[in-house]
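See below for the structure under consideration.
The values are calculated or read from the model by the stated rules, or taken from the named source; none is laboratory data. In this text, all values refer to a predicted model and were calculated from it rather than measured experimentally. Positions of Cβ are backbone-derived with ideal geometry, glycine not excepted, and every protein chain shown enters the neighbour counts. Remember, those area values only see protein heavy atoms, side chains included, never the ligands or the DNA or RNA. Shrake-Rupley method; radii C 1.70, N 1.55, O 1.52, S 1.80 Å.
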Amino acid sequence: MAQWEKETFQGQIGKTVADSKPWWKEADKPRDGAPNVVVVLLDDLGFAQLGCYGSDIATPNIDALASGGLRYNNFHTTALCSPTRAALLTGRHPHAVGLRSVLSQDGGFPNARGRVSKEAALISEVLVDHGYNTFAVGKWHLSLDNEQSFAGPFDNWPLGRGFEHYYGFLGGATSQWNPTLVEDNRRVPFPAEEGKAYHLTEDITDKFISYIREQKTASTEKPFFGYVAYGATHAPHHAPQAYIDKYKGKFDQGWDVAREQTYKLQQELGIIPKDAELPPRSPDVRAWDSLSVEEKKLYTRLQEAFAGFLEHTDEHIGRIVHYLREIGELDRTLFILLSDNGACAAGGEHGSLNHWADFAGQESYEQKLARYDEIGTPLANNHYPKGWAQVGNTPLRWYKSFVHAGGIKDPLIIHYPEGIQDKGGIRNQYHHVIDIVPTILEIIGIESPLSYKGVPQLPIHGVSLAYSFAKASAPTTKQTQVYEMVGNRAIYHEGWKAVAIHKPDTDFDADRWELYHVERDYSELNDLSTQYPEKLEELKALWWSEAERIGILPIEERSFHRVLAESRRAQASATPIARVFYRSEQGLPISKAPDVRDKSFEIEADLLRGSIEEEGVIIAAGARAAGYSLYIQGNRLFFANNLRGTSVQIIASEQELPTGALKIIFRYVKTGDGEGLGTLLINDKEAGQGQLTGTAQLGFSFGLFNIGQNDTTPIVPFYEAPFRFAGKILKVVYRVSTPELDAASAEVLELASE
């Protein structure tokens with residue numbers, strides 16, 4: 001008998017069954033009438049971008065949830081994706097559980113592990129132990145990049161954290177047209193049939209509804225916890241053309257007028273206080289009237305794509321609601337919808353047609369305008385300019401990653417017919433994303449465990465907001481909330497807020513703190529720091545004490561660029577590092593690929609070809625937006641460097657390839673910053689040579705690293721994916737002149753432009 005059974009068995013064991021007494025442990029089950037729980041998390045959606053929060057973008061299904069439930073206008077998040085997800089699913093401050101930022105690698109400190117601590121069980125883990133079925137779809141973003149391969153470890157994937165089923169993408173962003181997908185603990189091929197229309201939002205909604213259907217078929221009375229984390233409305237802003245075209249001309253008035261219109265509608269709806277002021281246009285946004293005709297044309301189209309993306313997402317949220325109603329489960333479902341941070345300004349002044357190219361400083365305004373017709377399509381990874389992000393955060397200042405209200409004040413809608421009588425009500429109590437877990441636990445009627453799987457648990461930091469369901473005028477139960485994100489700091493305490501923007505690579509003591517009486521100054525417009533210096537000093541001291549108590553320290557003063565540069569210098573080596581790869585059906589995340597950015601390297605592949613017709617991809621790293629590919633086509637060898645989705649550099653062999661055993665080599669020698677000489681060798685003889693530029697970002701892109709095929713979108717336009725190599729690949733060896741690093745610079749793409 002197992003030791004645990006010896007300790008828990010309550011029957012009696014004799015020599016035979018006749019003189020023994022059986023005993024069955026009662027299965028864990030929720031209380032009678034416990035509700036289903038559905039949490040829908042939108043991405044990079046600002047406070048003012050839903051119709052019921054003042055937007056002119058059509059979101060009728062979300063608005064219907066609000067009219068049948070409650071809208072909160074004083075709800076806050078962490079300002080970035082991963083930390084909000086950690087807080088949402090644990091009820092703890094993200095720093096305390098290891099997610100101080102969007103970390104793709106372990107930062108070496110308890111607050112920067114890049115994955116959720118086992119001392120903080122996710123709500124999925126708690127509920128599955130109380131008899132719930134649990135499943136999740138969409139964006140995960142809570143595991144390290146170097147853990148996202150077939151080798152795992154899988155304990156920080158969704159199935160390792162209490163979800164019984166999962167379908168979605170593990171990273172921070174993906175193409176909505178050609179995503180890299182995971183189901184349960186394995187990568188899965190792109191699901192669309194050739195010639196069939198596909199969109200990720202539709203796909204994960206289909207999967208979520210199928211999970212509900214199968215769960216209710218298997219166990220009608222058993223409740224479920226479902227987590228739907230859409231990629232929308234994070235860039236790239238991809239939507240079916242009809243949804244984008246529906247908004248053609250709708251934003252021609254420009255962002256200044258649109259912001260005024262949004263503000264007035266918010267006042268009419270009562271979603272902002274009557275005395276809330278509209279701040280002046282942000283100093284980093286140009287006046288709409290000062291723009292050229294061409295600029296206005298590009299900027300409005302980028303906003304039209306965003307609007308189409310959001311309306312398309314709303315339609316599929318409506319499908320979930322409709323299905324729950326159809327099977328009679330909507331009334332007994334606690335339905336929570338929120339965003340993870342404020343609207344994002346990463347599109348910069350002009351917007352973006354290719355996020356990766358803009359990150360490397362490669363895409364000019366003229367190039368963006370020339371790709372006008374590609375906006376929203378599979379050919380672009382587009383993002384609107386920051387002027388529209390400011391509209392999306394009306395009447396708040398700044399954006400995602402800032403801990404001013406524009407970065408952290410977000411929509412929250414709760415629909416729960418069995419527990420909410422004030423249909424369409426608005427609540428203004430101050431709350432934070434860490435308050436969602438304790439709310440769910442209170443409504444279900446269970447306690448957060450003191451220990452989970454033998455690991456003592458951190459205390460829940462949040463407080464339930466369920467008290468606000470019954471009474472709009474109930475005073476807030478939350479008195480203090482601390483914030484830190486990429487060095488930006490803030491603290492709320494009893495109606496006051498102190499906040500500071502941190503400039504990377506500067507001393508924190510040089511930060512200028514602002515002071516707002518947010519109980520009366522909703523938009524954080526009137527800085528009172530010079531009028532109440534003692535209050536400011538009180539709050540600053542409270543920030544440090546809360547930061548130490550919760551585990552926010554140490555805070556990072558360096559920029560991501562500096563962190564990367566220092567990591568590279570610290571790990572630099574003159575000895576080439578060799579890695580061997582074999583043909584893979586799964587592929588690897590780009591972060592697991594050899595890091596060949598702006599350094600000398602060599603790729604050697606041993607092949608067997610039975611005929612000259614055996615062609616295809618040997619190595620593919622990236623996707624249509626950017627990447628590189630080593631392939632055989634027309635019996636010649638090619639190396640292609642896709643700079644930004646619109647420019648491809650090719651090095652081709654001058655002679656045809658032999659059959660039989662074949663050794664091919666691509667050798668790149670760095671000759672300057674972001675440039676070098678590429679050479680192809682066939683059976684140790686030089687076969688082709690050419691100059692390459694833009695190699696500072698070589699292979700750094702959406703997509704996967706593949707041996708033997710090109711998954712998702714083709715890296716070059718000269719073949720169709722997957723273009724599998726028809727011969728045999730014995731092995732591929734990479735030799736890189738410096739040790740590879742995880743793609744930590746991906747974190748920069750999560751941040752607003754400075």
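At a glance:
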{"read-out": "Backbone HN-Hα couplings from phi across region 31-37 [Karplus 6.51/-1.76/1.60, Hz, Gly and Pro as x]", "value": "5, 4, x, 4, x, 5, 10"}
{"read-out": "Relative packing of peptides 543-549, 341-347 - highest average C-beta neighbours within 10 Å first", "value": "341-347, 543-549"}
{"read-out": "Alpha carbon centroid spacing (whole Å) that separates region 647-699 from region 482-514", "value": "49"}
{"read-out": "Relative contact order (percent, whole number), the chain, Cα cutoff 8 Å, 6+ residue spacing", "value": "16"}
{"read-out": "Radius 12 Å from Cβ of Pro240, net charge of other residues (Lys, Arg +1; Asp, Glu -1)", "value": "-3"}
{"read-out": "Value of relative contact order over region 35-135, rounded to a whole percent, pairs C-alpha under 8 Å and six or more apart", "value": "14"}
{"read-out": "Sparse-neighbour loop sites [trypsin sites (Lys or Arg not before Pro); region 13-113; at most 15 other C-beta within 10 Å; DSSP]", "value": "Lys15, Lys25, Arg31"}
{"read-out": "Charge dipole magnitude, Cβ of K and R +1, D and E -1 - region 358-490, Cα centre, debye nearest 20", "value": "380"}
{"read-out": "Charge dipole (debye, nearest 20) of the chain; +1 at Cβ of Lys and Arg, -1 at Cβ of Asp and Glu", "value": "880"}
{"read-out": "Most to least packed among 597-609, 119-131 [average Cβ atoms within 10 Å]", "value": "119-131, 597-609"}
{"read-out": "By average C-beta atoms within 10 angstrom, highest first, the peptides 154-165, 303-314, 411-422", "value": "303-314, 154-165, 411-422"}
{"read-out": "Ranking by accessible area, most exposed first, for Asp203, Asp373, Asp275 with a 1.4 Å probe", "value": "Asp373, Asp275, Asp203"}
{"read-out": "Estimated 222 nm signal from helices in the chain, with DSSP H stretches of n ≥ 4 weighted -39500 (n - 2.57), rounded to 500", "value": "-6500 deg cm²/dmol"}
{"read-out": "Model label zone, Ser219; criterion: amide N under 18 Å from point 7 Å along Cα-to-beta-carbon; scope region 148-168", "value": "159-166"}
{"read-out": "Pairs of Cα atoms farther than 32 Å apart, the chain, %", "value": "55"}
{"read-out": "For region 446-504, size of Cβ-based charge dipole, Lys and Arg +1, Asp and Glu -1, in debye", "value": "160"}
{"read-out": "Karplus-derived HN-Hα couplings along region 340-348 (A = 6.51, B = -1.76, C = 1.60, θ = phi - 60°), whole Hz, x at Gly and Pro", "value": "8, 5, x, 4, 9, 9, 5, x, x"}
{"read-out": "Neighbourhood charge, 9 Å Cβ-Cβ cut-off, centred on Glu125 and excluding it, Lys, Arg +1 and Asp, Glu -1", "value": "+1"}
{"read-out": "Candidate lysines - alpha carbon under 24 Å from Lys264, same-chain residues fewer than 8 apart omitted", "value": "Lys246, Lys248, Lys250, Lys274, Lys296, Lys386, Lys400, Lys409, Lys423"}
{"read-out": "DSSP bridge pairs, the chain: antiparallel proportion in percent, nearest 5", "value": "75"}
